[in-house]
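The values are calculated or read from the model by the stated rules, or taken from the named source; none is laboratory data. Being a predicted model, the structure only gives us computed values, none of them experimental. Counting neighbours? That spans all protein chains shown, and the Cβs are built from the backbone with ideal geometry, glycine included. Each accessible area value is taken on the protein alone, full model and side chains, heavy atoms only, with ligands, DNA and RNA left out. Shrake-Rupley method; radii C 1.70, N 1.55, O 1.52, S 1.80 Å.
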Amino acid sequence: MVNNNGIDRNLRPFIRTLSKIKKYSLSEYPDSQIKAMSHALKERAQNGETLQNLLPEAFAVTFEAIKRTLGLTPFDVQLLAAAVLAKGRIIEFPTGEGKTLTAVFAAYLHALTGEGVHVLTFNDYLAKRDALWMKPVYDFLDVSVRYINEGMSTREHKDAYCADITYVTAKEAGFDYLKSFLAYHAEDVVQRDFKYAIIDEADSILIDEARVPLVIAGDIPTLIEIEKKLFHAVSKLERDLHFETDEYEENIFLTETGVDMIEKDLRLDNLYDVKNVDILAKINVILQAQFLLKKDVDYIVRKDEVQIVDEFTGRIMKNRQWPDGLQNAVELKEGLIPLNKGVVMNSITLQNFLKLYPSICGMTGTACSAAPEFHEFYNKAVTVIPSNRPCIRIDQPDVVFTHKDAKYKAVAVEIIKEHTKGRPILVGTSSIEESEHLADMLREAIPDINVLNARNDSEEAVIIANAGKLHTVTISTNMAGRGVDIQLGGIEKNEYQRICSLGGLYVIGTNRFESIRIDNQLRGRAGRQGDPGESRFFISLEDNLIVKYRVNDVIPPKYRGIKQEQPLQNPLINRAILHTQKVVEGQTFDAKLTLSKYSYLVDDQRKLVHKKRDDILRGDTALSFFEKTSPEKYRELMTQVSKEEFERAQKVIELFAINKCWADHLQFIESAMDGVQIISMAKGDPFLHYNQELVDAFEHFENQIGAVIKEIYETLIVRDGQIDLNEMGVKGPASTRTYLVHDGTELQNFLNEFNASVSAPLYAFYLFYDKYIKKRAD
Ligand code: ADP
Ligand code: MG
């Protein structure tokens, strides 16, 4: 019974499951018998019995293992939650209810098949904490568990993925997936096929972070080597003797003498032969870079980088590169070393990565307000699980001030007042600056105030975990410490009763955020497992959210433009703010929809290429372009090397060619995306145009691979019956790095651009697009 908002509150089917679980009473069984049951369950799962069938017994066994190893008795709501997770849904289960333990049931059940379960955590610290914390349970049941942290070796990653259950951050798992695309041997692939993932803090990972592209970049040395050779040949040419330009200096042609000179230099019999078409194209690009594009007119060199100058406004165009090796050629011309430059080899958004798992489920304290997005992007319903004990936290209404100063003063007064009683206080701010500003105001009164702007997960966790102690005041940026349990009185629960009598943890927010979920995460830090707690937001009409979205426009005129120290007392203002948050969430949702529409086709293309590459990597199929297109050279080669040696080289060359062409394709996509808003002005539907361009470009993908393979084969160096691929640089990038494309502003830009009217810089870029990028699509 999923309602219109994608929320399911009907727990009846799961309550039936619960009673089936409860029918097993295993408390009297000796350990050995529980373990034997676990073994039998594995066997049955591997013989094809459905997990849904095995669920009650598997959960009962897990229940006993938890009791015996951790000394905790799982609550009914945890069993319910686990049953929903096992069904592949998203659960909203409040903070502090014990989601880590809940996940163990679902993880164990899915681990029975032996095909691997990933528990995707919010950060490295939690991957390690949760894996080690739950390890005794898994050990007892004889399923293996491992975790991955940054800095671990490839070997350790692989071992971890071979375990039945792997705790790892979603990002790290995504990076490992991208790395597999660069593998040259099947054994270098660290992951097994994806089966099932449990995603912790699911709203953050599946919604907030989902569009962040993960990128793997590397250098492709050979290609640059080849270009260097061509580059040197072109450098020797002289104007009028070897080449000519038209009167506008827009086109450049080689003369007969020029062609002779190039052919001699590169030892080609005929530059215009079909087989040399690629070389000719490259030479044209280099000619253009060398003799047409002018430093300080068309581009400037700054910080060892070639930056393109907008020909109309004279401004630098940020993050733009020329396509088709033109950029590299200009860099070579300027004596820069393009070798060190990262070429994007592959990239995937977290959203598309997570969709590679045939089955995912997720858990978080705040899922409901994101339910429409879970439904739209993942086709998942959100199920609400009640807390074990009712939540008695008091969520106070917002206090609104006219200006920031008054707000901070009021926050400081409030903190000092409550702190004097000894009550623990956690303050969530919107930025590091704000947290420091507030701490500075308070330091005199509260010398041992904690300010949390450390970037280190584990330090963060320790500070947050102690935020529930008597007399503790912690000021943090808002998202700090997600996933960390704040116990009243700390882990030792010192003076628990006294803290309760003070009202429990007091959470203060100094801003409302664009997403109500983030506000609720902050509130949810207080009042865990039926503890007392309180939350309150202090806001001002000068806050970012209010200014940016012009909430002032809907506020009665008499409150505008005034400054007063006392809070404003008008429920209308509070409603206007809440309304704004809803509108912003709606807008963001629409923009996300549009953007994700743009990613569908690329995603399909990526899957096809991955599959093709995988097949070659595993030795199932070879592309064999070379045998087909150059049979003579092939026969010649076969007299020089053994068949095995040829096949070894062929595999590496083919894998390399796929990577190279995919990297080019990605670059093309980026340019096509850049052109999107221009096309919307010029030609109507940008989406159709964009898709068509991608389809067209991909149509030649196979041919491009063929061309790269051929180019490499023709210059192969054979030494003592061995094909020297290292010399050719056909070994993939010497080094790679993975990074996230910093998001944040992108969505906003996107929104702005779509609303933007025609402007001079856009028009300039349109001409640029026309001149350089469109050629590729032709
Ligand atoms: P969540 O991820 O839901 O916020 P955690 O998994 O971090 O919560 O657990 C919060 C706290 O609840 C932990 O200290 C854990 O030991 C405790 N806890 C979980 N389940 C139980 C249980 N069945 N009985 C007692 N304590 C529990
Ligand atoms: Mg948690």
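Entry remark, region 361-371: residues being outside any loop (DSSP other than H, G, I, E, B) and open to solvent by 10 Å² or more (accessible area, probe 1.4 Å) number 2 in total.
Against the criterion of being open to solvent by less than 90 Å² (accessible area, probe 1.4 Å), farther than 27 Å from D405 by Cα and touching a residue at least 60 places away in the same chain (Cβ under 8 Å), L568 does not qualify.
Checking each residue in region 60-116 for being open to solvent by less than 10 Å² (accessible area, probe 1.4 Å), of a type in the set (S, T, Y) and within 11 Å of ligand 1 (Cβ to nearest atom) picks out only T102. Taking the numbered list (1) open to solvent by 40 Å² or more (accessible area, probe 1.4 Å); (2) more than 16 Å from ligand 1 (Cβ to nearest atom); (3) under 15 Å from G96 (Cβ atoms); (4) not small (G, A, S) in turn, D485 passes all entries but (2).
When region 305-327 is limited to residues that are over 28 Å from the mean Cα position of the chain (by Cα), outside any loop (DSSP other than H, G, I, E, B) and over 21 Å from W662 (Cβ atoms), the one that is modelled with the highest pLDDT turns out to be V306. When the residues of region 126-160 are filtered to those that are of a type in the set (F, W, Y) and away from ligand 1 (no atom under 14 Å from the Cβ), the one that is nearest to I198 (Cα to Cα) is Y147.
With respect to A289, is the statement that it is under 21 Å from L230 (Cβ atoms), at pLDDT 80 or above, outside any loop (DSSP other than H, G, I, E, B) and of a type in the set (G, A, S) true? Taking the combined requirement at face value, the residue satisfies it.
Residue by residue through region 120-140, note down the ones that are away from ligand 2 (no atom under 15 Å from the Cβ), closer than 19 Å to Q78 by Cα and surrounded by 20 or more Cβ atoms within 10 Å (Cβ to Cβ). Correct list: V137, Y138.
If only residues of region 93-119 that are within 12 Å of ligand 2 (Cβ to nearest atom) and touching a Gly at 6+ places or on another chain (Cβ under 9 Å) are counted, the one that is farthest from I486 (Cα to Cα) is F93. The C-beta contact set for region 410-426 (first residue on the phi > 0 side of the Ramachandran plot and at pLDDT 95 or above, second residue outside any strand (DSSP E or B) and of a type outside the set (S, T, Y), distance under 6 angstrom, 6+ apart or interchain) comprises G422/L470; G422/H471. Residues that are modelled with pLDDT under 80 and not β-branched (V, I, T) within region 550-564 comprise R550, N552, D553, P556, P557, K558, Y559, R560, G561, listed in sequence order. Against the definition (at pLDDT below 90, away from ligand 2 (no atom under 16 Å from the Cβ), farther than 23 Å from V413 by Cα and surrounded by fewer than 21 Cβ atoms within 10 Å (Cβ to Cβ)), how does I491 come out, yes or no? In short, no. Note on region 382-413: residues that are aliphatic (A, V, I, L, M), under 30 Å from I207 (Cα atoms) and in contact with a strand residue (DSSP E or B) (Cβ under 7 Å, 6 or more places away or on another chain) amount to 6. For region 495-516, the criterion of being within 29 Å of the chain's Cα centre (by Cα) and within 16 Å of ligand 2 (Cβ to nearest atom) is met by no residue. Answer yes if at least one residue in region 2-11 is among the β-branched types (V, I, T), open to solvent by less than 60 Å² (accessible area, probe 1.4 Å) and away from ligand 2 (no atom under 16 Å from the Cβ), and no otherwise. Checked against the condition, which is being among the β-branched types (V, I, T), open to solvent by less than 60 Å² (accessible area, probe 1.4 Å) and away from ligand 2 (no atom under 16 Å from the Cβ), region 2-11 yields at least one hit. If you go through region 604-623 one residue at a time, do you hit one that is touching a residue at least 60 places away in the same chain (Cβ under 8 Å), open to solvent by 30 Å² or more (accessible area, probe 1.4 Å) and touching a Lys or Arg at 6+ places or on another chain (Cβ under 9 Å)? Yes, because at least one residue in region 604-623 is touching a residue at least 60 places away in the same chain (Cβ under 8 Å), open to solvent by 30 Å² or more (accessible area, probe 1.4 Å) and touching a Lys or Arg at 6+ places or on another chain (Cβ under 9 Å). Being more than 21 Å from T349 (Cα to Cα), of a type outside the set (A, V, I, L, M, F, W, C) and in contact with a helix residue (DSSP H, G or I) (Cβ under 7 Å, 6 or more places away or on another chain) narrows it down to one residue among R146, R129, R192; which is it? So the residue among R146, R129, R192 that is more than 21 Å from T349 (Cα to Cα), of a type outside the set (A, V, I, L, M, F, W, C) and in contact with a helix residue (DSSP H, G or I) (Cβ under 7 Å, 6 or more places away or on another chain) is R146.
Has region 173-195 got any residue that is within 16 Å of ligand 2 (Cβ to nearest atom) and farther than 26 Å from V652 by Cα? Checked against the condition, which is being within 16 Å of ligand 2 (Cβ to nearest atom) and farther than 26 Å from V652 by Cα, region 173-195 yields no hits at all. Residue under question is T166, and the condition is that it be at pLDDT below 95, β-branched (V, I, T) and away from ligand 2 (no atom under 16 Å from the Cβ); does it hold? Spelling it out, it is not the case that T166 is at pLDDT below 95, β-branched (V, I, T) and away from ligand 2 (no atom under 16 Å from the Cβ). Being within 18 Å of H157 (Cβ to Cβ), modelled with pLDDT under 95 and either part of a strand (DSSP E or B) or open to solvent by 10 Å² or more (accessible area, probe 1.4 Å) (or both) is a property that L182 has. Among the residues of region 230-243, those identified as open to solvent by 90 Å² or more (accessible area, probe 1.4 Å) and either among the aromatic types (F, W, Y) or not in a helix (DSSP H, G or I) (or both) are K236, E238, R239, D240. Checked against (1) over 30 Å from T366 (Cβ atoms); (2) surrounded by 12 or more Cβ atoms within 10 Å (Cβ to Cβ); (3) within 16 Å of ligand 1 (Cβ to nearest atom), S27 passes all but condition (2).
Each residue in region 473-488 was checked for being within 16 Å of ligand 2 (Cβ to nearest atom), free of Cβ contacts under 8 Å to residues at least 60 places away in the same chain and small (G, A, S), and 2 pass. F374 meets the conditions (1) in contact (Cβ under 8 Å) with a residue 12 or more places away in the chain; (2) under 22 Å from V547 (Cβ atoms); (3) in a helix (DSSP H, G or I) in every case but one. The failed one is (2). Scanning for something within 16 Å of ligand 1 (Cβ to nearest atom), within 26 Å of Q487 (Cβ to Cβ) and either within 33 Å of the chain's Cα centre (by Cα) or crowded, with 20+ Cβ neighbours inside 10 Å (or both), does region 44-59 turn up at least one residue? No.
Please specify each residue of region 158-170 satisfying the condition of being closer than 21 Å to I360 by Cβ and surrounded by fewer than 22 Cβ atoms within 10 Å (Cβ to Cβ). Result: Y161, C162, A163.
For region 328-351, the candidate set comprises residues that are open to solvent by less than 10 Å² (accessible area, probe 1.4 Å) and assigned to a helix (DSSP H, G or I); within that set, the residue that is modelled with the lowest pLDDT is P338. Evaluated against (1) within 16 Å of ligand 2 (Cβ to nearest atom); (2) closer than 19 Å to V119 by Cβ; (3) modelled with pLDDT of 95 or more; (4) not aliphatic (A, V, I, L, M), F75 falls short on exactly one condition, (2).
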